[in-house]
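**Student:** Attaching a single structure in structure tokens format; questions to follow.
The values are calculated or read from the model by the stated rules, or taken from the named source; none is laboratory data. None of the values given here were measured: they were computed from a predicted structure. Positions of Cβ are generated from backbone atoms using ideal geometry, with glycine treated the same way; all protein chains shown enter the neighbour counts.
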Amino acid sequence: MPRFIELVQTDAAGTRDPADLPVELPYHLAPRDILRCVEDLHQLLHDLNTQLDDKGYERLEELLDPAGFSGLMSRAVVDNIHRQSRALDRNEYHNGYPDLVPHGVYPQNKAQHGDRGGLEVKASRYDGSWQSHGPRAGWFCVVQFEIDDDEDKALKDREPTRIRAVMIAELTKDDWSWQPAKEDRIRSGTASVKVTGRYKLRAGAVWVDPDYEDEHQRLLSRAKLESWAESRDEAVLAYFTTHPDDEVKKQDVIDWLAAEHGLESDDIKGRVGTGITNLVKTGQVERVKPGVFQLTP
């Protein structure tokens, strides 16, 4: 039997406790619903590839181009959540946004550009750089999967595609960057999730493959650090404004910020130093003597 049609066993141990999530899941969704969704995705890929192999076809991952395969996975997630949820319905408008709309909100559950809630679903083989057709505020579900595309292996020896993580978070428009379409190009503009959005999604992971947990935590920590770094100067200034009369050393600022934001002191040492330098240049902080700083009166 080809290796790629083996059924992936979904480990329930990867399911997060609701109390451990940063925010409550929307629309009465529960982690157990996401666990069932992952189980169904693994079963679907197993069933489809088994039938394709029986008929002499290539595996599904070869028959579809990358966008087509991701689209199939997204659609399967949408259908699964639609069947499980009493609060969300599949958006029946072709390519409408969001993929799942609140029950009873739109006539015939059709919304071209919905702005009354819902859940947008993205399936991707990548661990970041998730994209959309435009910067949008709302709830997003990212399903990260892994395809064995090792060209040194025969197709029949490749591992079955497996889900690595399912992440749900509420994003704002500021969590997206926007790349307009270039002149004379058919492709439309593209919105990409910024590091702030990646951090929210990683922090909102509802199910993570235990074999992928270490990598997920590494990516979560990196996104948290990079997200914090985007507002570094404001964070450093916040220290001085809460200690307006203190003459402090850089290490004092580092230790306070690390504790305040749940970061490692060594990871932010250089960034804090740069932040203090910037604040001195703008006159918001003054150097009272070598290595000692204070909020400018």
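**Student:** Any residue that is β-branched (Val, Ile, Thr), within 19 Å of GLU120 (Cβ to Cβ) and surrounded by fewer than 15 Cβ atoms within 10 Å (Cβ to Cβ) - is there at least one of those in region 200-213?
**Tutor:** So far as region 200-213 goes, no, none of its residues is β-branched (Val, Ile, Thr), within 19 Å of GLU120 (Cβ to Cβ) and surrounded by fewer than 15 Cβ atoms within 10 Å (Cβ to Cβ).
**Student:** Any residue at all in region 84-99 that is among the small types (Gly, Ala, Ser), without any contact (Cβ under 8 Å) to a residue 60 or more places away in the chain and on the phi > 0 side of the Ramachandran plot?
**Tutor:** Scanning region 84-99 turns up no residue that is among the small types (Gly, Ala, Ser), without any contact (Cβ under 8 Å) to a residue 60 or more places away in the chain and on the phi > 0 side of the Ramachandran plot.
**Student:** To continue, here is another question. Could you go through region 6-26 and let me know if any residue there is of a type in the set (Ser, Thr, Tyr), touching a helix residue (DSSP H, G or I) at 6+ places or on another chain (Cβ under 6 Å), in the same structural domain as ASP209 (by TED's automatic domain parsing) and part of a helix (DSSP H, G or I). Can you show your working first?
**Tutor:** Filtering region 6-26 for residues of a type in the set (Ser, Thr, Tyr) gives 10, 15.
When the remaining residues are screened for being touching a helix residue (DSSP H, G or I) at 6+ places or on another chain (Cβ under 6 Å), the result is 10, 15.
Of the ones still in play, those that are also in the same structural domain as ASP209 (by TED's automatic domain parsing) are 10, 15.
Within this subset, residues satisfying the condition of being part of a helix (DSSP H, G or I) are none.
Scanning region 6-26 turns up no residue that is of a type in the set (Ser, Thr, Tyr), touching a helix residue (DSSP H, G or I) at 6+ places or on another chain (Cβ under 6 Å), in the same structural domain as ASP209 (by TED's automatic domain parsing) and part of a helix (DSSP H, G or I).
**Student:** For region 226-279, give me the residue count where each residue is closer than 19 Å to THR196 by Cβ and of a type outside the set (A, V, I, L, M, F, W, C).
**Tutor:** Within region 226-279, residues that are closer than 19 Å to THR196 by Cβ and of a type outside the set (A, V, I, L, M, F, W, C) number 13.
**Student:** Here's a follow-up. Looking at (1) part of a helix (DSSP H, G or I); (2) outside the structural domain of PRO180 (by TED's automatic domain parsing); (3) surrounded by 14 or more Cβ atoms within 10 Å (Cβ to Cβ), which one does LEU263 not meet, given that it meets all the others?
**Tutor:** It is condition (1) that LEU263 fails.
**Student:** Considering every residue within region 242-256, establish whether at least one is hydroxyl-bearing (Ser, Thr, Tyr) and closer than 30 Å to GLY128 by Cβ.
**Tutor:** No, every residue in region 242-256 fails to be hydroxyl-bearing (Ser, Thr, Tyr) and closer than 30 Å to GLY128 by Cβ.
**Student:** Residues that are within 16 Å of VAL142 (Cα to Cα) and basic (Lys, Arg): does region 57-67 have at least one?
**Tutor:** No, because not a single residue in region 57-67 is within 16 Å of VAL142 (Cα to Cα) and basic (Lys, Arg).
**Student:** Here is a follow-up. In region 202-219, what count of residues is obtained for those that are assigned to a helix (DSSP H, G or I) and under 18 Å from LEU35 (Cβ atoms)?
**Tutor:** So the answer is 5.
**Student:** What do you reckon, is VAL236 surrounded by 13 or more Cβ atoms within 10 Å (Cβ to Cβ) and part of a strand (DSSP E or B)?
**Tutor:** no
**Student:** Is it the case that region 273-287 has a residue that's under 25 Å from the mean Cα position of the chain (by Cα) and part of a helix (DSSP H, G or I)?
**Tutor:** No, because not a single residue in region 273-287 is under 25 Å from the mean Cα position of the chain (by Cα) and part of a helix (DSSP H, G or I).
**Student:** Return the only residue of GLN108, GLN84 being at pLDDT below 95 and in contact with an Asp or Glu (Cβ under 9 Å, 6 or more places away or on another chain).
**Tutor:** GLN84
**Student:** With the structure loaded, tell me whether ASP246 is more than 24 Å from PRO297 (Cβ to Cβ), of a type in the set (Asp, Glu), surrounded by fewer than 19 Cβ atoms within 10 Å (Cβ to Cβ) and more than 12 Å from the chain's Cα centre (by Cα) or whether it fails that test. Show your work before the answer.
**Tutor:** Values: more than 24 Å from PRO297 (Cβ to Cβ): no; of a type in the set (Asp, Glu): yes; surrounded by fewer than 19 Cβ atoms within 10 Å (Cβ to Cβ): yes; more than 12 Å from the chain's Cα centre (by Cα): yes.
So ASP246 does not fit the description; no.
For every residue, the table says whether it meets (1) assigned by TED's automatic domain parsing to the domain that holds GLY71; (2) among the β-branched types (Val, Ile, Thr); (3) in contact (Cβ under 8 Å) with a residue 24 or more places away in the chain.
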{"residue": "LYS122", "(1), (2), (3)": "yes, no, yes"}
{"residue": "ARG136", "(1), (2), (3)": "yes, no, yes"}
{"residue": "ARG164", "(1), (2), (3)": "yes, no, yes"}
{"residue": "LYS173", "(1), (2), (3)": "yes, no, yes"}
{"residue": "PRO180", "(1), (2), (3)": "yes, no, no"}
{"residue": "THR196", "(1), (2), (3)": "yes, yes, yes"}
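**Student:** Taking region 58-67, which residues are out of contact with any Gly (no Cβ under 9 Å at 6 or more places or on another chain) and either among the aliphatic types (A, V, I, L, M) or outside any helix (DSSP H, G or I) (or both)? So that I can check it myself, show each step before the final result.
**Tutor:** Keep residues of region 58-67 that are out of contact with any Gly (no Cβ under 9 Å at 6 or more places or on another chain), which gives 58-63, 65-67.
Answer for region 58-67, where residues must be out of contact with any Gly (no Cβ under 9 Å at 6 or more places or on another chain) and either among the aliphatic types (A, V, I, L, M) or outside any helix (DSSP H, G or I) (or both): GLU58, ARG59, LEU60, LEU63, ASP65, ALA67.
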